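Asks: Dropping a structure here in structure tokens format, bear with me for questions.
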Amino acid sequence: MRYTRLIFVLLVAAGCTCASAQPQRIAAEQVPAAVKSTFTAHFPDVKKVSWRIAGGTEYAADFRDHTKKCSGLFDALGNWMRTATRVEPDALPDAVKRTLAKFHADERTGEAELVEEADRDPCYEVELLKGKERRAIQFDAEGRELRVKTEEEKDEEDND
């Protein structure tokens with residue numbers, strides 16, 4: 001009986017820990033009008049969107065733009081910050097694919113996204129897997145590596 005109670009307490013604690021790490025989904029009515037207005041201006045054809053709180057003060061919109069899975073990030077004042085659009089690894093620019101083949105042949109390509117940010121040129125973020133290690137590398141369209149994100153940075157950003 002004592003073990004059953006202990007196992008129950010541990011399972012509840014583990015569930016609470018996992019739940020707190022998940023992004024907080026919110027109803028569209030809870031999103032500031034300025035954020036929704038900016039979203040509509042950037043993505044006028046999108047009708048179905050799922051909202052969540054990201055980083056405590058930012059709003060993330062998950063949606064499909066035509067057939068592509070996307071996510072947009074906005075500050076509380078409605079300023080657009082970032083859009084990430086899922087890209088199939090086969091559809092990456094040839095220069096990026098050549099860099100991956102030349103310098104990362106021993107790593108498996110995971111998800112890839114086209115990342116557009118307000119203060120930077122667009123780039124491609126590619127998740128690379130080697131054994132149990134996971135990291136993300138950002139490339140420009142010419143295949144130059146711009147930034148490497150560790151697994152922890154990638155996880156934190158994914159929860160935003």
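Asks: Across the range 89-111, what is the number of residues that are within 23 Å of residue 42 (Cβ to Cβ) and either without any contact (Cβ under 8 Å) to a residue 12 or more places away in the chain or exposed (fewer than 14 other Cβ atoms within 10 Å of the Cβ) (or both)?
Replies: Within the range 89-111, residues that are within 23 Å of residue 42 (Cβ to Cβ) and either without any contact (Cβ under 8 Å) to a residue 12 or more places away in the chain or exposed (fewer than 14 other Cβ atoms within 10 Å of the Cβ) (or both) number 1.
Asks: Same structure, new question: Working only within the range 95-111, note down all residues that are outside any loop (DSSP other than H, G, I, E, B) and more than 20 Å from the chain's Cα centre (by Cα). Quick ask: steps written out before the conclusion?
Replies: Of the residues in the range 95-111, the ones outside any loop (DSSP other than H, G, I, E, B) are 95-103, 108-111.
Of everything in the range 95-111, those that are outside any loop (DSSP other than H, G, I, E, B) and more than 20 Å from the chain's Cα centre (by Cα) turn out to be 95, 97, 98, 99, 100, 101, 102, 103.
Asks: Give the residues of the range 45-67 that are assigned to a strand (DSSP E or B), free of Cβ contacts under 8 Å to residues at least 40 places away in the same chain and either among the polar types (S, T, N, Q) or in contact with a Leu (Cβ under 9 Å, 6 or more places away or on another chain) (or both), sorted by residue number.
Replies: From the range 45-67, those assigned to a strand (DSSP E or B) are 49-54, 58-65; that's our starting set.
Imposing the further condition that a residue be free of Cβ contacts under 8 Å to residues at least 40 places away in the same chain reduces the set to 49-53, 59, 61-65.
Residues satisfying the conditions are 50, 59, 61.
Asks: Here's a follow-up. Please find, among 95, 105, 101, the residue that is in contact with a Gly (Cβ under 8 Å, 6 or more places away or on another chain), more than 30 Å from residue 51 (Cβ to Cβ) and not basic (Lys, Arg). Reasoning before the result, please.
Replies: Details: 105 fails: in contact with a Gly (Cβ under 8 Å, 6 or more places away or on another chain); 101 fails: in contact with a Gly (Cβ under 8 Å, 6 or more places away or on another chain).
It is 95.
Asks: Considering only the range 121-138, I want to know if a residue exists there that is at pLDDT 95 or above, basic (Lys, Arg), assigned to a loop (DSSP other than H, G, I, E, B) and more than 18 Å from residue 60 (Cβ to Cβ).
Replies: Looking for residues that are at pLDDT 95 or above, basic (Lys, Arg), assigned to a loop (DSSP other than H, G, I, E, B) and more than 18 Å from residue 60 (Cβ to Cβ), one finds none in the range 121-138, hence no.
Asks: Step by step: first the residues of the range 10-37, then only those that are hydroxyl-bearing (Ser, Thr, Tyr) and at pLDDT below 50, then the one that is farthest from residue 58 (Cα to Cα). Which residue is that? Step through it out loud before you land on a result.
Replies: First, pick out the residues of the range 10-37 that are hydroxyl-bearing (Ser, Thr, Tyr): 17, 20, 37.
In the following step, the residues that additionally are at pLDDT below 50 were identified as 17, 20.
Values: 17: 22, 20: 17 Å.
The extreme case among them is 17.
Asks: Separate question: Here are some conditions: (1) closer than 22 Å to residue 88 by Cβ; (2) among the hydrophobic types (A, V, I, L, M, F, W, C); (3) in contact with a helix residue (DSSP H, G or I) (Cβ under 8 Å, 6 or more places away or on another chain). Residue 74 meets all but one. Which one does it not meet?
Replies: (1)
Asks: Could you tell me which of the residues 77, 73, 114 is modelled with pLDDT of 95 or more, closer than 20 Å to residue 41 by Cα and in a loop (DSSP other than H, G, I, E, B)? Steps first, please.
Replies: Numbers: 73 fails: in a loop (DSSP other than H, G, I, E, B); 114 fails: in a loop (DSSP other than H, G, I, E, B).
One residue alone meets the criteria, 77.
Asks: Still on this structure, please answer the following. Residue check, residue 59 against (1) crowded, with 19+ Cβ neighbours inside 10 Å; (2) more than 14 Å from the chain's Cα centre (by Cα); (3) of a type in the set (Ser, Thr, Tyr), all met but one. Which one?
Replies: Of (1) crowded, with 19+ Cβ neighbours inside 10 Å; (2) more than 14 Å from the chain's Cα centre (by Cα); (3) of a type in the set (Ser, Thr, Tyr), only one is false for residue 59: (2).
The values are calculated or read from the model by the stated rules, or taken from the named source; none is laboratory data. All of these numbers come straight from a predicted model, not from anything done at the bench. Methodologically, a virtual Cβ is constructed for each residue, glycine included, from the backbone with ideal geometry; neighbour enumeration extends over all protein chains shown.
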